[in-house]
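Asks: Take this structure, written in structure tokens, and hold onto it; I'll ask about it next.
Any read-out appearing in this document is the output of simple, stated calculations on the displayed coordinates, not a laboratory observation. All values derive from a computational prediction rather than experimental measurement. As a convention, Cβ positions derive from the backbone with ideal geometry for all residues, glycine included, and neighbour counts pool all protein chains shown.
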Amino acid sequence: MNRGRFLSSRDKGNIYESIACNYLVGNGYSIFERNLSTKLGEIDILAKKDNVLVLVEVKGKNSEKFGHPLEFITKSKLLKIKKAYNLLLSEGVLPEHEVVRIDVIYFKPNSEYVHIIGDDWIL
């Protein structure tokens, strides 16, 4: 059995995040951090464009057998991202920004990806 040809979920996530970062940079975003983890949640990619701080959630699925990638972006997940951001802000890890938003980049099983730009929220 050749175990080397199977990637772990973490490895797949890193690949999706790298592709997402390349896409964002190509579209005028600056990437500040990846995989910012807190006890309250994780921010996959922290980026900035036009004075807007963008928290990017990346999702990918090899198949839609267990659901579309967007089905895994729940209100609870978005709340965890906001809580993680607020914690990092309160700890002084992140600088304060007037405008912040959460975007989603999801990958379809055929490797196409879609960027959904979220609503800005004013802090």
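Asks: Any idea how far apart Glu96 and Ser30 come out in nm if each label point goes 7 Å out from Cα toward Cβ?
Replies: 2.0 nm
Asks: Provide the per-residue ³J(HN,Hα) series for the stretch 9-15, in order, calculated from phi with Karplus coefficients 6.51, -1.76, 1.60 and θ = phi - 60°, each as a whole number of Hz, with x at glycine and proline positions.
Replies: 4, 5, 5, 4, x, 4, 5
Asks: Then there's this: May I ask you to list the aspartates and glutamates whose Cα is less than 17 Å away from that of Lys80, ignoring any residue fewer than eight positions away on the same chain?
Replies: In chain and number order, the partners are Glu42, Asp44, Glu57, Glu71, Glu91, Asp103, Asp119, Asp120.
Asks: Stretched out fully, how many nm does the piece from Ser18 to Leu89 gain, at 0.36 nm a residue minus the Cα gap?
Replies: 23.1 nm
Asks: Using +1 at the C-beta of Lys and Arg and -1 at the C-beta of Asp and Glu, which of Ile15, Leu55, Tyr29 has the Cα lying farthest in the positive direction of the dipole of the stretch 3-122?
Replies: Ranked along the dipole, the leading option is Ile15.
Asks: Between Asn110 and Leu40, with labels modelled 7 Å along Cα→Cβ, what's the label distance in nm to one decimal, could you check?
Replies: Spacing of the two 7 Å Cα→Cβ label points: 4.0 nm.
Asks: Of Lys49/Lys82; Lys77/Lys108; Lys39/Lys75, which pairs sit farther than 21 Å apart, going by alpha carbon to alpha carbon?
Replies: none
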